[in-house]
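The values are calculated or read from the model by the stated rules, or taken from the named source; none is laboratory data. Note that the coordinates shown come from a computational prediction; the quantities given were computed from them, not determined experimentally. Note: ideal-geometry Cβ built from the backbone for every residue, glycine included; neighbour counts use all protein chains shown. We work out accessible area using only protein heavy atoms, side chains counted, and drop any ligands, DNA or RNA first. Shrake-Rupley method; radii C 1.70, N 1.55, O 1.52, S 1.80 Å.
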Amino acid sequence: MRKFNVTVNGKSYVVDVEEVSSDGVAAPVVSAVTPAAAPTTVAKPVVGEGTPVKAPMPGLILSLAHKDGDAVKKNEKIVVLEAMKMENDINAVADGTITYVVKKGDNVDTGAILAYIK
């Protein structure tokens with residue numbers, strides 16, 4: 001019997017899977033599917049002031065390029081987002097002062113607000 005983590009519609013489960021021999025014979029499985037421990041948090045929608053910077057795709061926040069309150073310029077890198085094993089730079093959409101909504105290690109969905117620039 002082997003255990004696997006399976007995610008279905010954003011909910012994780014621990015599943016026991018039994019290997020069968022080449023003749024297809026396997027002992028009955030008594031174990032049931034149980035919910036897995038919750039993965040890292042998903043950034044929640046936040047209402048803030050300024051121009052929102054949104055995630056163009058779902059992914060993991062690898063790093064923040066500035067601190068809250070720092071001045072940023074349009075098209076300057078502000079977040080590194082990992083999606084499909086690739087690192088994607090997310091750039092500022094305007095000049096101003098940045099306030100982050102997410103932190104390093106957060107998982108975000110497409111369209112999630114990452115920061116505001118005021």
With a cut-off of at most 14 other beta carbons within 10 Å, and DSSP calling the residue loop, which trypsin sites (Lys or Arg not before Pro) in segment 75-116 qualify? Please list them.
Lys85, Lys103, Lys104
Any chance you could run the full-extension gain for Tyr13 through Met84? It's 0.36 nm times the residue separation minus the Cα-Cα distance, nm to one decimal.
23.4 nm
Calculate the spin-label point distance for Thr51 paired with Thr99, positioning each point 7 Å from the Cα along the beta-carbon direction, and give it in nanometres.
1.7 nm
Mind checking the per residue accessible area of segment 56-118 for me, 1.4 Å probe, whole number of Å²?
57 Å²
